[in-house]
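Visitor: Dropping the structure in here first, questions after.
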Amino acid sequence: MNTKSDVLLIASIMTVFGIMTVPGISAESNHITVTPINEKISLEETITTMSVPENNKLPWGTVRGGADDIAERYPVIIQFYKGEEPVHFAQVDVKGDGSYEYKFRVRNVDLETGEVVNIFEGQYTVKIYKVIPNSDSVA
């Protein structure tokens, strides 16, 4: 592995540790891929799994990433899948320090009936796309 790959891997792993940091909802990093777009930027795809237990009592989930090498002016795209079925997509702006955060409803209460509705429950695949600057020139 070269230095660029080592740095990208470490930064991506640190980012994934910040994903889904709500108690009761867990995430595991599965796969990180970096695809060059041009000589200046690349697309980093992180695929992780999210598990929301049936007995979850919390109303919110969060996807967040720490400050790392995110290219300026490019949003982070977050996609949720249940099996192969897309269930939720989001676009999040990156903060000035390079971090990002997306909060989403996991559970809701119908105000008319008082019935609890679990929006997310079970296993999900979460794909996170970030544009990152290249540290080496792309051939």
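Visitor: Kirkwood Rh over alpha-carbon pairs of segment 42-87, then Stokes-Einstein at 37 °C and 0.692 mPa s: what D in µm² s⁻¹, rounded to an integer?
Guide: After rounding, the answer is 241 µm²/s.
Visitor: Restrict the search to segment 39-139; then list the GluC sites (Glu not before Pro) that DSSP places in a loop and that have at most 13 other Cβ atoms within 10 Å of their Cβ.
Guide: Filter output for segment 39-139: 39, 54, 72, 84, 112, 115.
Visitor: Of the listed pairs 57/103; 57/95; 40/95; 95/127, which have alpha-carbon separations greater than 18 Å here?
Guide: 57/95; 40/95; 95/127
Visitor: Additional query: For the pair residue 49 and residue 97, what calculated FRET efficiency results from E = 1/(1 + (r/R0)^6), where r is the Cβ-Cβ distance and R0 = 25 Å, to the nearest 0.05?
Guide: Once the sixth-power term is evaluated, E becomes 0.35.
Visitor: Report the Cα centroid-to-centroid distance between segment 38-55 and segment 95-135 in angstrom, as an integer.
Guide: Cα centroid of segment 38-55 versus Cα centroid of segment 95-135: 12 Å apart.
All of the numbers you see were taken from the coordinates with simple rules; none came from a lab. None of the values given here were measured: they were computed from a predicted structure. Every residue, glycine among them, receives a Cβ derived from its backbone with ideal geometry; neighbour counts consider all protein chains shown.
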